[in-house]
Amino acid sequence: MIENENYDKSRVHSFSDAVFSIAMPLLVLEVFIPGNKELQTGNTVQILQNRIPSYIGLIVSFMVTALYWKANMRIFKFSSTIDSKILWDNFLLLFFILLLPFSTAFYVKGFTYQGLFAFYCFSLSAIGFFNLLLKKKKVKQELRQH
């Protein structure tokens with residue numbers, strides 16, 4: 001029965017690491033690099049100040065991603081087996097991790113718009129929700145096995 005199938009823990013862990021390590025560098029792509037005309041003004045301070053929302057988005061989203069990556073590593077470190085349910089919960093978490101660069105960029109482009117902030121907050125909340133779900137199911141599963 002496929003429901004009871006277990007998956008190679010190291011492969012699931014490696015795949016998760018790969019998704020996190022791809023999502024994190026994508027965050028920096030949304031920090032707009034100024035064009036030649038803007039650079040020629042010589043007003044470096046103004047150029048940097050114009051990008052403050054991008055820096056905030058980059059820093060916050062990078063740190064959130066790093067914290068959840070650490071949490072994900074701990075979940076798999078203490079896992080003896082990975083079944084289908086855990087695998088799919090992990091996929092859902094990873095989907096929202098991959099969505100974070102997009103939602104960060106969306107929010108940063110319209111820094112003062114509440115709807116874009118709400119979408120960004122939804123993405124962060126979904127990551128937290130699926131991390132909690134994964135952790136709770138994994139702890140419950142490990143307690144049943146021991």
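The values are calculated or read from the model by the stated rules, or taken from the named source; none is laboratory data. Predicted model only: the values in this text are computed from it and were never measured. In this analysis, Cβ positions are derived from the backbone assuming ideal geometry, glycine residues included, and neighbour counts consider all displayed protein chains.
Within the stretch 5-31, the residues that satisfy the criterion of being over 19 Å from Ala71 (Cα atoms), in contact with a helix residue (DSSP H, G or I) (Cβ under 8 Å, 6 or more places away or on another chain) and exposed (fewer than 14 other Cβ atoms within 10 Å of the Cβ) are Glu5, Val28, Leu29. The C-beta contact set for the stretch 113-133 (first residue part of a helix (DSSP H, G or I), second residue charged (D, E, K, R) and surrounded by 14 or more Cβ atoms within 10 Å (Cβ to Cβ), distance under 9 angstrom, 6+ apart or interchain) comprises Leu116/Lys109; Phe130/Asp89; Leu133/Asp89.
Going residue by residue through the stretch 58-71, is there one that turns out to be touching a residue at least 60 places away in the same chain (Cβ under 8 Å) and within 24 Å of Leu29 (Cβ to Cβ)? Yes: the stretch 58-71 contains one or more residues that are touching a residue at least 60 places away in the same chain (Cβ under 8 Å) and within 24 Å of Leu29 (Cβ to Cβ). Just to verify a result, which residue in the stretch 74-112, among those that are assigned to a helix (DSSP H, G or I) and among the hydroxyl-bearing types (Ser, Thr, Tyr), is farthest from Lys140 (Cα to Cα)? Applying the filter and picking the extreme gives Tyr107. Looking across the stretch 32-48 at every residue that is at pLDDT 85 or above and either in a loop (DSSP other than H, G, I, E, B) or surrounded by 10 or more Cβ atoms within 10 Å (Cβ to Cβ) (or both), the one that is nearest to the chain's Cα centre (by Cα) is identified as Leu48.
Looking only at the stretch 1-38, how many residues end up being hydrophobic (A, V, I, L, M, F, W, C) and farther than 26 Å from Tyr107 by Cβ? Here the count works out to 4.
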